[in-house]
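Taking it in order: structure first as structure tokens, then the write-up.
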Amino acid sequence: MLIDEALVKEALDTALSSGADFAEVFIEDTLNNTLQLIDEKVDTVSSVFISGIGIRAYLGLRSVSATSSDLSRDAVLAAAGNVASIIADGRRTAAEFRLCERLNTNVHRIEVVPSSYPVKEKVEIARRMSAAARGYSNMIGQVTGTIQDVDRRILVANSEGLLTTDRQIRIRAACSAVAVKGAESQTGFDGPGRRMGMEFFDLVASPEDIGREAARQAVVNIEAGYMDSGVYPVAIENGFGGVIFHESCGHSLEATSVAYGTSEFCGRKGQLIANEKVTAIDDGTIPNAWGSINIDDEGTPTQRKVLIEKGVLKRYMVDRFNGRRMNEPSSGSARRQSYAYTPTSRMTNTFIAAGEDRNEDIIASIDRGLYCAKMGGGSVNPVTGEFNFAVTEAYMIEDGRITRAVRGASLIGRGSEILHDIDMVGTDMRTGQGMCGSSSGSVPTDVGQPLIRVRKIIVGGR
């Protein structure tokens, strides 16, 4: 227990005292560790400890919240009192509820807790990663290797009687390698992560594999020519290629937008919004996946949610408060970066499910187009669905074959249009890891898909 149960109950009673119809307490105790090497020399070793409480109360469709980094009784009750004073409707009520603890099923086995692992041995792992990148090619200049791990403990209680806790441990290794040729330089990056302990490096990706992959991308791009802009058919590879669905469509399926009528997919449940080959899923229950959670940040157990099934919109991702506006129950989708943020609906592990098209048939179907091997970041307007994404590793497809590497490509389009233009879906679904930013801060999310074909899209280039 992060704080005394009696104080949790008293805080809820106080938040309810001026007429609120629901109150919630969220308490967090998180340790963030970062180790970074630049050119195999230790540059950063940091440990950041986050501890605090977030208190919310609802009255109909009004929500008021307050936070405190001080967990003393006086500070907690002061925060709860501030919530009550703002949400007050002129009457006082007596809270009639009893807290009952609920234990949650944990499917994320942790062998070695990263925060307990010796820093000296983490440094050696990072050095192996950096050395592998530098040894890949004599064109590799600067190499940055990073290991980040998080140990997050949360407690959630509310006026419906819920009292529950969770511990969320995750680790990520990242390598950035710069290739230099004359006056030019290009960067490659690899950054896998899992909800795991230090066994990650034995079970998922070795330090050497991560370093070599970052260097390989850098070398490919330093040798690549430039992309000519135009409208092309495009094949987007599996793994982090799924970021294009996450950004262009996923955010528009969150209640954060849908509940306020600011999504292009509002009111379209049961309608065909995508090609019939597209089935899209958000699944926070996958064991040890980067974006998985046992419970969300409102204490609701996470779920596997089929968002789009054979092109038909089936459901949205919903948190408790926005569910009030939509008259829908929570789907276990409420997430927040920390106690200092108000939670809202967010993705977990979101991906386009495997289809039935063979990879070779997808490539062979394109006479002249673009093969996007690795996707980068981008931006999207959830109201219109308009997006713009960088392609960090790309090749031309000519006469049904992948040929020369090109750089400087970007994909430009609209979410509702790209969903209909995905007309081939491969069989080999894989995921990639990232951090997703929204109104409730930055949270870990997986993106994924098999190789897909988009029959036409605007490609920005030189």
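Computed from the coordinates by the stated procedures, all read-outs in this text should not be read as laboratory data. Treat the numbers as computed from the prediction; the structure is a model and nothing was measured. Don't worry about glycine lacking a Cβ; one is built from the backbone with ideal geometry, like all the others, and counts go over all protein chains shown.
Tabulated data
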| quantity | calculated |
| --- | --- |
| Rounded FRET efficiency, nearest 0.05, which uses the C-beta distance separating S116 from D43 and R0 of 22 Å | 0.45 |
| Cα Rg over Rh - the range 230-460, Kirkwood | 0.97 |
| Most to least packed among 182-192, 345-355, 100-110 [average Cβ atoms within 10 Å] | 345-355, 182-192, 100-110 |
| For the chain, Kirkwood radius (reciprocal of mean inverse C-alpha pair distance, Å) | 23.5 |
| Ellipticity estimate at 222 nm from DSSP helix runs (n ≥ 4, -39,500 (n - 2.57)) divided over the chain, nearest 500 | -5500 deg cm²/dmol |
| Compactness index (Cα Rg / 2.2 N^0.38 Å), the range 27-94 | 1.76 |
| Viscosity 0.890 mPa s, 25 °C: Kirkwood-radius Stokes-Einstein D of the range 213-262 over Cα pairs, µm²/s | 171 |
| DSSP bridge pairs, the chain: antiparallel proportion in percent, nearest 5 | 90 |
| Listed residue pairs exceeding 32 Å between alpha carbons, taken from K181/K374; K310/K374; K305/K456; K122/K277 | K122/K277 |
| Principal axis dimensions, the range 151-206 - Cα atoms, whole angstrom, descending | 66, 26, 12 |
| Distance from the range 6-23 to the range 400-432 (C-alpha centre basis), Å | 50 |
| Inter-label distance for I412 and M435, nm, one decimal - labels placed 7 Å from Cα along Cα-to-Cβ | 3.0 |
| Percent of Cα-Cα distances greater than 21 Å, calculated over the range 5-140 | 61 |
| Ratio Rg/Rh, restricted to the range 91-222 and using Cα atoms, in which Rh is the Kirkwood radius | 1.25 |
| Peptides ranked, highest mean first, by Cβ atoms within 10 Å: ranges 155-163, 36-44, 22-30 | 22-30, 155-163, 36-44 |
| Area projected by the alpha carbon convex hull of the range 321-363, averaged over all directions, nm² | 5.4 |
| Label-point separation in nm, R73 to R153, each point 7 Å along Cα→Cβ | 2.2 |
| Selection from I281, P343, M424 lying farthest towards where the dipole of the range 230-460 points positive, charges on Cβ | P343 |
| Calculated P(r) tail over 20 Å for the range 275-335, as whole % of Cα pairs | 30 |
| Ranked packing of 310-319, 444-453, 364-373, most packed first, by mean Cβ within 10 Å | 444-453, 310-319, 364-373 |
| Distance from the range 224-293 to the range 372-398 (C-alpha centre basis), Å | 12 |
| Spatially proximal lysines relative to K120 (Cα-Cα < 24 Å; intrachain offsets below 8 disregarded) | K41 |
